[in-house]
Amino acid sequence: MLAKDEPRKAALRMLTAAIKNAEIEAGDELAEGDLLVVVQRQVKQRRESIEEFRKGRREDLVEREEAELEAFAGYLPEEASHEEIEEAARATIEETGASGPRDIGKVMPVLIKRFQGRADGRAISEIVRGLLG
């Protein structure tokens with residue numbers, strides 16, 4: 001890593017600290033899936049921060065958060081496409097026999113587990129609601 005890549009180094013230090021905090025909280029080393037959850041949580045925080053900083057017209061902070069987000073991106077698996085999620089949702093709806101909005105609870109756990117680390121729960125929920133609504 002180049003010495004002049006300070007934003008990336010700072011972001012990775014924050015990620016390391018978040019992982020260590022999660023390990024302390026768990027009382028043991030984290031499994032790979034748990035590490036993925038920590039990285040996703042950090043990515044989600046950065047995305048929310050970027051959104052808020054844009055509303056407040058703080059482009060300097062937006063740039064910093066985007067640099068951190070870019071540093072974290074290499075540690076996540078490739079995100080699932082909208083089409084891939086929709087196809088899986090249709091199959092899961094058929095398998096579970098879900099027929100309306102009240103059956104979302106049957107479909108969501110299956111899809112969340114399948115796309116863990118590859119898709120945001122909110123995106124999955126929107127697709128399922130669109131198909132069942």
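What follows is calculated from the coordinates using simple rules that are stated; it is not laboratory data. Computed from a predicted structure; not experimentally measured. Ideal geometry is used to build each Cβ from the backbone, glycine not excepted, and the neighbour counts take in all protein chains shown.
Based on the Cβ-Cβ distance of residue 18 and residue 126, what FRET efficiency does E = 1/(1 + (r/R0)^6) give at R0 = 22 Å, to the nearest 0.05? Between residue 18 and residue 126 the formula returns 0.20.
Segment 93-107 and segment 12-90 have Cα centres spaced 29 Å apart. Cross-link reach is defined here as a Cα-Cα straight distance under 25 Å, omitting same-chain residues fewer than 8 places apart; for residue 20 the lysines meeting it are 9, 44, 113. Dipole of segment 9-53 computed with +1 at Lys/Arg Cβ and -1 at Asp/Glu Cβ about the Cα centre; of 33, 49, 18, farthest Cα towards the positive end is 49. Residues 43, 37, ranked from the fewest to the most other C-beta atoms within 10 Å, line up as 37, 43. With everything on Cα atoms, drop me the angle between helix 32-55 and the longest principal axis of the chain, reported from 0 to 90° to the nearest 10. Helix 32-55 and the main axis of the chain meet at about 80 degrees. The computed mean projected area of the Cα convex hull in nm² for the structure shown corresponds, within (i) 13.2; (ii) 10.4; (iii) 11.8, to (ii). Toward the positive end of the charge dipole of the chain, with +1 on the Cβ of Lys and Arg and -1 on the Cβ of Asp and Glu, the farthest Cα among 75, 108, 89 is that of 108.
Given 0.36 nm per residue, what is the gain on full extension from residue 34 to residue 86 after removing their alpha carbon distance, in nm? Each step should come with its number before you reach the end.
Values: separation 52, 0.36 × 52 = 18.72 nm, distance 2.57 nm.
So the chain would gain 16.1 nm between residue 34 and residue 86.
When each of the peptides 80-93, 50-63 is scored by how many other beta carbons lie within 10 Å of its residues on average, the order from highest to lowest is 80-93, 50-63. In segment 6-73, Cα pairs under 8 Å separated by at least six residues give a relative contact order of 45 percent. Dipole size of segment 82-132 about its Cα centre, with +1 on Lys/Arg Cβ and -1 on Asp/Glu Cβ: approximately 260 debye, rounded to the nearest 20. The radius of gyration of the Cα set in segment 6-73, together with its Dmax, comes out at 13.1, 41 angstrom.
Counting Lys and Arg as +1 and Asp and Glu as -1, each charge on the Cβ, what is the dipole of the chain about the Cα centre in debye, to the nearest 20?
Working: 22 positive and 29 negative charges, 80 e Å.
Dipole about the Cα centre, nearest 20: 380 debye.
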